[in-house]
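Colleague: Got a structure for you, questions after.
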Amino acid sequence: MTTCETGPNDALREGLRNTGPHDGPHDGPAEDRRPLREVLREDVQTVLDKDPAAGSRAEVLLYPHIHALWTYRLAHWLWGRGHRVCARALSLLARAVSGIEIHPGARIGRRFFVDHGTAVVIGETVRIGDDVMLYHQVTLGSVGWWKDLRRPSGSRRHPVVGDRVVIGTGASVLGPVTIGADSRIGAHSVVLDDLPPRSRVVAAASAALPPLDTAAPADAAALDSSALILPEGTHAS
């Protein structure tokens, strides 16, 4: 049975500084042994560098991303030492405060940034490289428990995201795929296969329909969704 008996000061210091040991080529960044002050300063500077709306370091401290990232760091440290219940509790707290859900087992590199952050989900076996940026509503998840149960025990179920990848609003990267470095995944894309470095993925753009005739009588036929002109291959629900 695991407990939260680790000394709070030591756990906070080590958790904020470390991302966890490096177990293999796809298991995430190596353990970060830099001074805590340097790690925290870099996290804040990353937001200032990537978000034009960030006006000061004090303002950055109110960003949901910062609360989620620093809480994740501590939860990950506890997770790696067997304190899984405590780690889960911290993750739940961070989700309630920030809207960002990061499993404590995930591994995240340096200068990571989640812009806005609401409804971001990062699964347990996700591995994220350095200088990665996500926008809100991004999911780095699995393809479903019915497939995961057929995998060998301990297999990776979630994506590996290479260095300097940017993933746009509402995009989903699902399953044990690898996203090569310097790739860009556009808003609302769904990625189910490996991508080589420097890939570009975009979702289909919405179709612009003819303008409504507002001068016509507002009868039931005019308001019926079936009267709209839909793109070829689509159906009204």
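Colleague: Does segment 144-156 contain any residue that is open to solvent by less than 10 Å² (accessible area, probe 1.4 Å), part of a loop (DSSP other than H, G, I, E, B) and on the phi < 0 side of the Ramachandran plot?
Modeller: There is no residue in segment 144-156 that is open to solvent by less than 10 Å² (accessible area, probe 1.4 Å), part of a loop (DSSP other than H, G, I, E, B) and on the phi < 0 side of the Ramachandran plot.
Colleague: Going by the conditions given, is Leu174 of a type outside the set (Lys, Arg) and modelled with pLDDT of 95 or more? Show your work before the answer.
Modeller: Working: of a type outside the set (Lys, Arg): yes; modelled with pLDDT of 95 or more: yes.
Here the answer is yes, as Leu174 does meet what is asked.
Colleague: Looking at Thr46, Thr6, Thr2, Thr71 in this structure, which one is open to solvent by 30 Å² or more (accessible area, probe 1.4 Å), at pLDDT 95 or above and of a type outside the set (A, V, I, L, M, F, W, C)? Lay out the reasoning, then the answer.
Modeller: Numbers: Thr46 fails: open to solvent by 30 Å² or more (accessible area, probe 1.4 Å); Thr6 fails: at pLDDT 95 or above; Thr2 fails: at pLDDT 95 or above.
After ruling out the rest, the residue left standing is Thr71.
Colleague: Then there is this: Working only within segment 100-127, note down all residues that are within 10 Å of the chain's Cα centre (by Cα), among the β-branched types (Val, Ile, Thr) and closer than 15 Å to Leu174 by Cβ.
Modeller: Val120, Val121, Ile122, Val126 - these are the residues of segment 100-127 that are within 10 Å of the chain's Cα centre (by Cα), among the β-branched types (Val, Ile, Thr) and closer than 15 Å to Leu174 by Cβ.
Colleague: Tally time: how many residues in segment 74-90 are open to solvent by 20 Å² or more (accessible area, probe 1.4 Å) and either among the charged types (D, E, K, R) or within 12 Å of Glu124 (Cβ to Cβ) (or both)? Talk me through it step by step, then tell me what you get.
Modeller: Quick first cut of segment 74-90, residues open to solvent by 20 Å² or more (accessible area, probe 1.4 Å) only: 74, 77, 79-85, 88-90.
This time we only want the ones that are either among the charged types (D, E, K, R) or within 12 Å of Glu124 (Cβ to Cβ) (or both), so: 79, 81, 84, 88.
Residues flagged as open to solvent by 20 Å² or more (accessible area, probe 1.4 Å) and either among the charged types (D, E, K, R) or within 12 Å of Glu124 (Cβ to Cβ) (or both) within segment 74-90 amount to 4.
The values are calculated or read from the model by the stated rules, or taken from the named source; none is laboratory data. In this text, all values refer to a predicted model and were calculated from it rather than measured experimentally. When we count neighbours, we look across all protein chains shown, and the Cβ atoms used for this are built from the backbone with ideal geometry, even at glycine. Surface accessibility is based on the protein's heavy atoms, side chains included, excluding ligands, DNA and RNA. Shrake-Rupley method; radii C 1.70, N 1.55, O 1.52, S 1.80 Å.
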